[in-house]
Each structure stands twice: as structure tokens, then as C-alpha cells.
Amino acid sequence: MQPIFSRNQDIDKIAFLNWRMSQDDDIRNLLNLAEGFMQSSIRLAKLCLIYNKDKKADILIFPILTNANHGIELYLKGITWMLNKFMNLNSRVEGRHNIKQIYKTVKSKIKIYGGQISIEDFNSSMVDLEAYITELFDKINSTDKKDNMDFSRYPFNTNYERHFYVDLIGNVEIDLENFVYRFEKIYVSLENLSDFIFWNELTDEE
């Protein structure tokens, strides 16, 4: 049996875990993973749109949502880390998995960090992301004590309480065309913001 971590003779049939990683740049490493999770979510949704006669989207939607939300989480944590570095703060990655709380943290830091991005610029570029986060947290019945961000990874929470879509009478639907359209915009906005801070703020500082 050939190991999973092994080489294929065709270089185009190999995935390199380390080619986009650097021992000297933890922030870029984090942002590279963010890009991977976000792109995998969008591309998988696009594959479902190409052919869904077998209704594979009904099960693939869970990794699609998991990867989308984790991509958002990693982008926001990377942006937080860069803002902390710009402001000479000791903190790096902040928050757990609650993307609503991490987003609020980023927004509060943008207000005070004193760089080239105004809070008005930030708000206008994050309209789609903020709308999604608001919609998501309303849908998953999030509370201060239970954010329910594990809804797409498990059918129940740590107390074995079933997530909203299990017991709900009637369908819980996601328009895949709309998902792709919205998340391509969210991806671009997060990628542009993280790139700007990295190259125009941190690089200028160094």
C-alpha cells in the first residue's frame, strides 16, 4: 500500500504542503491557509452547480460551509495579528471560532490603529461579510454562551443538543448560485484587505 504522504511521478498530481509556507512568516502562512479554505468552499459549490442530479450538494454543503466559515476565521485572525503587530501589541491570534466576535475585534482595531484604512473604508468593503455573519448567527440560533459555530461539523453540540436543521419541520435551503456569488465577493474583500495591510502597512513599517 502506497503511503498518502508520498510522491507521484507527475508533478501536477502532487500537493505540496510546504511550498507556500515559510519558517519566517507565520502571518502569511495563516493567510495562505485562509485562501485555501475559502477557495475550496467556492470551488466545491461550483462543482455541485455543474452536476447535482445525484443530489450530492445535500451532503457536500456541510464541508462547503465549514470551509467557508473557517476561511473567514483565518482571514480575520490574520488581519487581527497584522493590526496588533502594526500597533506594537504583544497579542497575535485572538478569539476562538466565533467569527462574529472576531469580526467585531477587527472592526474595533481598525478604528484605532491609525493606518491608511479608515473605518468608513473598512465598513464599505465588508458589507457582504457583515451581512453574511448577521444572517448566519440569526439562523444558527447563536447566543453569548453558545455560538453554535460547530453546526456544519456536527449534527449536535457538545451537550448533544441537535442543531437547528435536524429537527426543523420543512426544508432548510441554500441557493448555491447565490452562495458562490456572495462568497466570491467576500473572498475578494478579505484577500484585498489582508494584502493591503501586509504589503502597505507592515512592509512600510519594516
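The values are calculated or read from the model by the stated rules, or taken from the named source; none is laboratory data. The model shown is predicted, which means the values in this text are computed figures rather than measured ones. Cβ atoms come from the backbone with ideal geometry, glycine included; neighbour counts cover every protein chain shown. For accessibility, only protein heavy atoms count, side chains too; no ligands or nucleic acids. Shrake-Rupley method; radii C 1.70, N 1.55, O 1.52, S 1.80 Å.
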Listed by chain and number, the residues whose amide H is under 5 Å from that of Met126, excluding neighbours fewer than 5 places away on the same chain and using placed H, are none
Matching label, Kirkwood radius over Cα pairs in Å computed from the structure shown, candidates (i) 18.8; (ii) 16.6; (iii) 17.7: (i)
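Under the classification rounded if a/c is under 1.5, otherwise prolate if a/b is larger than b/c and oblate if not, where does the range 7-113 fall, given a ≥ b ≥ c as square roots of the Cα gyration tensor eigenvalues?
In terms of gyration-tensor shape, oblate.
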With a ≥ b ≥ c taken as the square roots of the eigenvalues of the C-alpha gyration tensor of the range 83-184, please select rounded if a/c is under 1.5 and otherwise prolate if a/b is larger than b/c or oblate if it is not? oblate
Compute the Cα gyration tensor for the range 79-136, then decide on rounded, prolate or oblate, letting a ≥ b ≥ c be the square roots of its eigenvalues: rounded whenever a/c is under 1.5, prolate when a/b is larger than b/c in the other cases, and oblate in all that remain. oblate
Size of electric dipole in the range 68-182: Cβ of Lys, Arg +1 and of Asp, Glu -1, about Cα centre, debye, nearest 20: 680 debye
Per DSSP, the loop-located trypsin sites (Lys or Arg not before Pro) within the range 156-196 having at most 11 other beta carbons within 10 Å are none
Under 8 Å for C-alpha pairs, at least 6 residues apart: give me the relative contact order for the range 1-90, rounded to a whole percent. 31 percent
Could you report the range 47-206's accessible area per residue, 1.4 Å probe, as an integer in Å²? 59 Å²
Percent carbon-and-sulfur accessible area, the chain, ignoring ligands, DNA and RNA, probe 1.4 Å: 51 percent
If each DSSP helix of 4+ residues adds -39,500 (n - 2.57) and the sum is divided by the residues in the chain, what number results at 222 nm, nearest 500 deg cm²/dmol? -18500 deg cm²/dmol
Given a cut-off of 32 Å, name the pairs among Lys56/Lys104; Lys53/Lys185; Lys55/Lys77; Lys53/Lys77; Lys55/Lys107 whose C-alpha atoms lie farther apart than that in the structure shown. Lys56/Lys104; Lys55/Lys77; Lys53/Lys77; Lys55/Lys107
Which aspartates and glutamates have a Cα lying under 12 Å from the Cα of Lys100, excluding residues fewer than 8 positions away in the same chain? Glu73, Glu130, Glu135, Asp138, Asp144, Asp147
Net dipole in debye of the chain [+1 Lys, Arg Cβ; -1 Asp, Glu Cβ; about Cα centre; nearest 20]: 560 debye
Let me check against my output: what whole-number percent is the relative contact order of the chain, with C-alpha pairs under 8 Å and at least 6 apart? 22 percent
For the chain, build the charge dipole from Cβ charges (+1 Lys, Arg; -1 Asp, Glu) around the Cα centre, then report which of Ser125, Met1, Leu31 sits farthest towards its positive end. Met1
Count neighbours as other Cβ atoms within 10 Å of each site's Cβ, and list the chymotrypsin sites (Phe, Trp or Tyr not before Pro) in the range 142-174 that are DSSP loop with at most 12 such neighbours. Tyr160
